[in-house]
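Remarks on the structure that follows.
FYI, it's all coordinate maths here, none of it is from the lab. Fair warning: this is a prediction, and the values are worked out from it, not measured in the lab. Here the Cβ is made from the backbone with ideal geometry for all residues, glycine too, and neighbour counts use every protein chain on show.
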Amino acid sequence: MTISEIKQRLTDGNGRFVNDQLEGNLQDGARRDELTGGQAPYAIILSCADSRVVPELAFDAGIGELFVIRVAGNVANSSSLASIEYAVAHLGSKVIVVLGHQSCGAVTAAVQGGNNGYNLNHLLSHITPAVAAAGEGAEINDVVKKNAMLTVDDMMARSSIVRNAVESGDVEIVPAYYNLDSGRVDFL
Ligand SMILES: [Zn+2]
C-alpha cells in the first residue's frame, strides 16, 4: 500500500468504528498462523495509554496491521522513539500517527504543574512545551492538539532514522486527535 492508501484505510476503518459497523477482519486463527513468521504492520500508532482510546478498534484493524506504542500523553521519549525506529527500519511501516485525545489526563496534569514524583515529572516534561506553546489559559483539548503536533517535530529532531525516512518520502507522520464521545479521529 502507498502512504495515501494507508491513510485512506485508517480513515475508512475509523468511519466504520464511528458508525458502529466494525468488520473485525484479520482477528482469527488463520491470521495468527499467517503471521507467525513475521509482521509487516502498515502503520505505527503512538497513542496515549488511556483505556478509552483503543487504536485497533478505532481503526477497525486486525492482528499485525498496526504497530501500537502506548504511553500516557503519547510522548516521544527514548523508549517510544526506539520502538518507532524499529518499526520504520525493520518492519516497513509507512505512516506514523501521533494520536492525542479529548480530555487527556496526562496533558491535564502537565497544565496543572506541580510535583508529581520523579517518573511522572519526567513524562510530563515532554508535554510542557505544548503547554507553553498553547499559551496561558488554553483549553486542555487545544493543548492536546498542540502536543500531538510538537511530538511530530520532536520525533524529527531526535531520530535520524525517522527524519531520513520522512525526508526521503518513505514515511509520513500525521498528528491526530481522538474524540472520546464520537470515536472520530481527526487528522490535524
Ligand atoms: Zn491521555
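The charge dipole of the chain, taken about the Cα centre with unit charges on the Cβ atoms of Lys, Arg (+1) and Asp, Glu (-1), comes to about 300 debye, rounded to the nearest 20. Computed over the chain with a Gaussian network model linking Cα atoms closer than 10 Å, the most mobile of N141, N74, N25 is N25. Relative to the longest principal axis of the Cα atoms of the chain, the long axis of helix 140-158 makes an angle of roughly 70 degrees. Looking at the chain, what % of its DSSP beta bridges pair antiparallel, to the nearest 5? DSSP beta bridges in the chain are roughly 15 percent antiparallel.
Annotation: extensible slack from Q27 through S103 equals 24.4 nm (criterion: 0.36 nm per residue apart, minus Cα-Cα distance). Shown in residue order for region 182-188 are the 3J(HN,Hα) couplings computed by the Karplus curve 6.51 cos²θ - 1.76 cosθ + 1.60 at θ = phi - 60°: 8, x, 6, 9, 9, 7, 8 Hz (x for Gly and Pro). Taking the Cα atoms of the chain, the ratio Rg/Rh between the radius of gyration and the Kirkwood radius comes to 0.97.
Rounded to the nearest 500, the 222 nm mean residue ellipticity of the chain from helices alone is -13000 deg cm²/dmol, with -39,500 (n - 2.57) taken per DSSP H run of at least 4 residues.
Normalised by the number of residues in region 37-188, the average gap of Cα pairs under 8 Å and 6 or more apart makes the relative contact order 27 percent. Between the listed residues L91, T11, A110, the Cα displaced farthest toward the positive end of the dipole of region 1-111, a dipole computed from Cβ unit charges relative to the Cα centre, is found at A110. Here the Kirkwood formula puts the hydrodynamic radius of region 89-188 at 14.5 Å, using every distinct Cα pair. Between V68 and I45, the built amide H atoms are under 5 Å apart, and every one of these is 5 or more places off in sequence or on another chain. In this calculation the C-beta distance from T11 to S78 is compared with R0 = 35 Å, giving a FRET efficiency of 0.70. Taking region 18-52 and a reference point 7 angstrom along Cα→Cβ of L188, the backbone N atoms nearer than 18 Å belong to 44-50.
Charged neighbours of A134, selected by a Cβ distance under 14 Å, balance to -1 (K, R count +1; D, E count -1). Geometric descriptor of region 15-66, per residue, is 92 Å³ (volume of the convex hull of the Cα atoms). For the pair M1 and Y86, a Förster radius of 22 Å applied to the C-beta separation gives a FRET efficiency near 0.65, rounded to the nearest 0.05.
Around the Cα centre of region 146-185, unit charges on the Cβ atoms of Lys, Arg, Asp and Glu (plus for the first two, minus for the last two) sum to a dipole of about 120 debye.
Karplus-based coupling profile of region 161-169, in residue order and whole Hz: 5, 5, 4, 5, 5, 5, 5, 8, x, with θ = phi - 60° in 6.51 cos²θ - 1.76 cosθ + 1.60 and x standing for Gly or Pro. Here the Karplus curve 6.51 cos²θ - 1.76 cosθ + 1.60, taken at θ = phi - 60°, turns the phi angles of region 118-126 into couplings of 3, 5, 5, 4, 5, 5, 5, 4, 6 Hz, with x standing for Gly and Pro.
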